[in-house]
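The values are calculated or read from the model by the stated rules, or taken from the named source; none is laboratory data. Computed from a predicted structure; not experimentally measured. Cβ placement follows ideal geometry from the backbone for every residue including glycine, while neighbour counts extend to all protein chains displayed.
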Amino acid sequence: MTFSAQEMHRPIFETMGAEKWEDEEKDWWNREVTVGNESPLRHLRVPVGGKATKDLSTLAAEYHNAAEVLIHTIRAEPPSVLRCGNVLLYLYRHSIELLLKDIIPADLRRRDHEFSQLAARFKFIISEDFAGEVPDWIARRIMEFAEIDPRSTTFRYNEHEAFVSGPTYMIDIVHLRAAMNALNTALVGARAVMILEGKNSENG
């Protein structure tokens with residue numbers, strides 16, 4: 001098996017003005033199968049890092065959008081869900097985690113993936129700072145993920161013992177997508193209201 005020079009040696013993380021690489025035959029083939037030979041996206045690039053570094057809410061949207069793109073692939077080729085179930089669940093789960101972390105003040109935010117603690121802090125903030133109450137269905141949905149993947153190791157590594165040695169779950173993909181879109185909409189909406197009310201209280 002042969003690999004092109006770009007496949008082996010061209011850096012993934014290139015900065016503006018980096019060395020220009022000339023496509024070899026293999027690289028042209030890679031671009032054709034990725035974006036299409038005549039596509040205006042042939043030299044598609046995505047900026048990351050530096051000024052392109054995203055805040056948590058935008059990063060959460062990226063993970064959610066990635067899950068939606070995967071759903072689109074599954075829709076076109078249903079059997080493909082068997083090859084990407086864990087990844088799909090991880091993308092949705094991580095998007096929720098990032099939204100919760102974005103809502104929680106930085107001084108209360110821990111550098112871990114403890115979902116149940118994030119949920120508890122979220123409920124506390126809504127209650128104490130905004131005199132509100134998190135709807136039961138939102139709390140239940142978050143805790144449903146917390147029980148299956150409490151530390152973000154279940155879908156990434158299959159290391160959660162209760163998951164590995166427990167029952168086999170059957171995930172209805174249509175329901176999963178609908179539930180995650182509902183939860184995402186609710187959390188994004190809650191964040192927006194909290195920002196608005198927070199500004200109002202500062203100005204008042």
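Select the helices (runs of 4 or more DSSP H) contained entirely in the range 124-175, then report the ones holding at least 2 residues which are under 22 Å from residue 84 (Cα atoms) and either in contact (Cβ under 8 Å) with a residue 60 or more places away in the chain or outside the structural domain of residue 103 (by TED's automatic domain parsing) (or both).
Result: 154-157.
From 69, 46, which residue is among the hydrophobic types (A, V, I, L, M, F, W, C), part of a helix (DSSP H, G or I) and loosely packed, with under 13 Cβ neighbours inside 10 Å? First the steps, then the outcome.
Values: 46 fails: part of a helix (DSSP H, G or I).
The match here is 69.
Name the residue, out of 127, 39, 95, that is more than 21 Å from residue 197 (Cα to Cα) and loosely packed, with under 14 Cβ neighbours inside 10 Å.
39 is the lone residue from the list that is more than 21 Å from residue 197 (Cα to Cα) and loosely packed, with under 14 Cβ neighbours inside 10 Å.
Of the residues 15, 34, only one is over 26 Å from residue 105 (Cβ atoms), surrounded by 11 or more Cβ atoms within 10 Å (Cβ to Cβ) and outside the structural domain of residue 105 (by TED's automatic domain parsing); which?
Being over 26 Å from residue 105 (Cβ atoms), surrounded by 11 or more Cβ atoms within 10 Å (Cβ to Cβ) and outside the structural domain of residue 105 (by TED's automatic domain parsing) holds for just one of 15, 34, which is 34.
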